[in-house]
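S.K.: The structure's right below; bear with me while I get my questions together.
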Amino acid sequence: MIERFLAVRAATETLAEPLSAEDQQVQSMPACSPVKWHRAHTTWFFDAMILAPRGIESRRPGWGYLFNSYYEALGPRHPRPARGVLSRPGVDEVGAWRREVDADVVELLRRHPDDEDLRGLIELGLAHEEQHQELILTDVLHAFSLNPLDPIYRPAPRLPRASEARRSWAEHDGGLVEIGRRGPGFAFDNEGPRHKAWLEPFAIGDRLVTIGEWTAFAEDGGYERPELWLSEGWDWARREGIRAPMHLRRDHGHLSVFTLHGRREPDPAEPVSHLSYYEADALARYLGARLPTEAEWEVWAEGRPVDGPLRGDALIPRPTASPFGSVWQWTASPYAPYPGYRPAAGAIGEYNGKFMVNQLVLRGGSCLTPPGHVRASYRNFWPADTRFQATGLRLARDRA
Ligand SMILES: [Fe+2]
């Protein structure tokens, strides 16, 4: 456990390494946070949720106000859209705090090796830290995308050209199925309880929707055809002037995409990414299909290896035959509690439960997701207009 704790904590610092103090300070929009804030907030989580309740006083009293994200039970906090103004504490002070809290947590684990509650909370803290590792990358990508110099976070690895794969359809007879967390190992509370669901016969595509398919949609007037769109999405696209996924640019028919490896020309066979739910829904309709529900996705994915490509050398979506990896997949399912779901008592109960309104579930994982972080029952969730995450889609359809 100590080894795993230190490895996950170190992985966060490795992600921050290519970034200067100025890079780590930027907050490019209210939904994004500075990298320095992510490094401090994940530390605060261990400080406030694990050390303080066990009588270990915070070494930085007052910082809880800065780095509490949304936990009402733990008091008031600095407003989220203003995280970028916190020039102090600086990156070095945040780094020092990380090391101190790490030492305190390790000491606690040494003293209480059999404390199951402690281990459960540390598992949660590590899963939380991994979620923020992905956010560090999406937030840096967004901040860098606004810089006309097209900064490079990490040089591109050598990548073979992606080749267009035919879409095969996995068929399912439907009927009474079970979904939700099962077996040992960590899962977030929102993945359970395991429960029954009824499915009509369906088919699900074995590969992700590609940039080539999105290009056909765009060139066929996809963004100007109201019959393809949900009303709310149509209004949103007009209001925001949306003509392409975030980070994708079309200049006189020439496509370029901004990535953590800088600006590049994408292969048409690469999965399309950084789409809102509205765009994913319209694109699926254009392709004669629909988005899967989360139950359809899960019964199809369960039991299959979680083999990505989740985050590796390449920080861009690559074609994959795996249900997991490359891009998060929008589902048609609203983010709601499963039957019998009860949030935990206390501050920890605020982790997931209170966000179960006006968001959609995404399944799988992305090229920015830490390896080992996801599983078939994993439920990611974002509002319908979210595009700064690595979000894409796979198709599903009803069987006659
Ligand atoms: Fe958090």
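The values are calculated or read from the model by the stated rules, or taken from the named source; none is laboratory data. Worth saying up front: this structure is predicted, and the values here are computed from it rather than measured. So basically every Cβ, Gly included, is an ideal-geometry build from the backbone, and we count neighbours across all protein chains shown. Heavy atoms of the whole protein, side chains included, go into the accessibility calculation; ligands, DNA and RNA do not. Shrake-Rupley method; radii C 1.70, N 1.55, O 1.52, S 1.80 Å.
S.K.: For the chain, calculate the relative contact order in percent as a whole number, restricting contacts to Cα pairs under 8 Å that are 6 or more residues apart. Please list the in-between numbers first.
M.R.: On the way: 695 pairs, mean separation 71.1, N = 400.
Across the chain, relative contact order equals 18 percent.
S.K.: For the chain, what does the accessible surface come to per residue with a 1.4 Å probe? Please give it in Å². Don't jump to the answer; show the numbers that get you there.
M.R.: On the way: 17340 Å² over 400 residues.
Computed with neighbouring chains in place, this is 43 Å² per residue.
S.K.: Using θ = phi - 60° and the Karplus curve 6.51 cos²θ - 1.76 cosθ + 1.60, what whole-Hz ³J(HN,Hα) does each residue of the stretch 306-315 get, with Gly and Pro shown as x?
M.R.: My calculation for the stretch 306-315 gives 8, 10, x, x, 6, 4, x, 5, 8, 9 Hz in order.
S.K.: Tilt of helix 91-111 relative to the longest C-alpha principal axis of the chain, in degrees (0 to 90, nearest 10)?
M.R.: 70
S.K.: Moving on. Once the dipole of the stretch 341-400 is set up with Lys and Arg at +1 and Asp and Glu at -1 on Cβ about the Cα centre, which of ALA400, CYS367, ALA345 lies farthest towards its positive end?
M.R.: After comparing all options, I get ALA400.
S.K.: Amide H neighbours of GLY174 under 5 Å, counting only residues 5+ apart in sequence or on other chains, H built in-plane at 1.01 Å?
M.R.: So GLY174 has HN proximity to PHE202.
S.K.: State the antiparallel share, in %, of DSSP beta bridges confined to the stretch 76-204, rounding to the nearest 5. Present the calculation step by step, with values, prior to reporting the outcome.
M.R.: Details: 8 of 8 bridges.
Just about 100 percent of them are antiparallel.
S.K.: Here's another thing I want to ask about it. Name the residues whose placed amide hydrogens come within less than 5 Å of the amide hydrogen of ALA197, ignoring near sequence neighbours (fewer than 5 apart) on the same chain.
M.R.: Hits under the 5 Å cutoff: VAL177, GLU178, ILE179.
S.K.: A further question follows. In whole Å, what is the distance between the alpha-carbon centres of the stretch 286-354 and the stretch 1-71?
M.R.: 25
S.K.: Relative to the longest principal axis of the chain, what angle (0 to 90°, nearest 10) does the C-alpha long axis of helix 231-240 take?
M.R.: Helix 231-240 sits roughly 70 degrees off the main axis of the chain.
S.K.: Ranked from highest to lowest mean number of other Cβ atoms within 10 Å per residue, what is the order of the peptides 153-163, 12-22? Mind dumping the intermediate values first?
M.R.: Values: 153-163: 11.9, 12-22: 14.0.
Sorting 153-163, 12-22 by mean packing, highest first, produces 12-22, 153-163.
S.K.: Okay, moving on. Sequence-distant or interchain residues sharing an amide H contact under 5 Å with THR210, placed H: which?
M.R.: Those qualifying (amide H under 5 Å, at least 5 residues apart or on another chain) are VAL272.
S.K.: With charges only on Cβ, +1 for K and R and -1 for D and E, what is the dipole size of the chain about its Cα centre, in debye, rounded to 20?
M.R.: Roughly 180 debye, rounded to the nearest 20.
S.K.: If I take all pairs of Cα atoms in the stretch 172-290, what percentage of them are more than 25 Å from each other? Please list the in-between numbers first.
M.R.: Values: 3027 of 7021 pairs.
I get 43 percent for the Cα pairs in the stretch 172-290 exceeding 25 Å.
S.K.: Kindly write out, for the stretch 374-384 in residue order, the coupling ³J(HN,Hα) from the Karplus curve 6.51 cos²θ - 1.76 cosθ + 1.60 (θ = phi - 60°), rounded to whole Hz, with x marking Gly and Pro.
M.R.: My calculation for the stretch 374-384 gives 10, 7, 4, 8, 5, 10, 8, 8, 8, x, 4 Hz in order.
S.K.: Between the helical axis of 2-16 and the dominant principal axis of the chain, each derived from Cα atoms, what acute angle in degrees is found, rounded to the nearest 10?
M.R.: In the chain, helix 2-16 runs at an angle near 60 degrees to the longest axis.
S.K.: Dipole of the stretch 187-311, Cα-centred, from +1 at each Lys and Arg C-beta and -1 at each Asp and Glu C-beta, to the nearest 20 debye?
M.R.: Numbers: 15 positive and 23 negative charges, 61 e Å.
Result for the stretch 187-311 is approximately 300 debye, rounded to the nearest 20.
S.K.: DSSP loop (so not H, G, I, E, B), at most 15 other Cβ within 10 Å: list which trypsin sites (Lys or Arg not before Pro) in the stretch 202-271 pass both filters. Write out the running numbers ahead of the final one.
M.R.: Details: sites: ARG207, ARG238, ARG239, ARG243, ARG249, ARG250, ARG263, ARG264; in loops: ARG243.
Answer by residue number: ARG243.
S.K.: I'd like the antiparallel share, as a percent to the nearest 5, of DSSP beta bridges with both residues in the chain.
M.R.: Values: 29 of 31 bridges.
The answer is about 95 percent antiparallel.
S.K.: Right, here's the next one. For the chain, what is the mean residue ellipticity at 222 nm derived from helices alone (per DSSP H run of n ≥ 4: -39500 (n - 2.57); sum divided by total residues; nearest 500 deg cm²/dmol)? Numbers along the way, then the final one.
M.R.: Numbers: 10 runs with 125 residues, N = 400.
Theoretical 222 nm ellipticity from helices: -10000 deg cm²/dmol.
S.K.: Report the relative contact order of the stretch 277-400, percent, no decimals, based on alpha-carbon pairs under 8 angstrom and at least 6 residues apart. It would help to have the intermediate numbers written out before the result.
M.R.: Numbers: 222 pairs, mean separation 43.2, N = 124.
Computed value for the stretch 277-400: 35 percent relative contact order.
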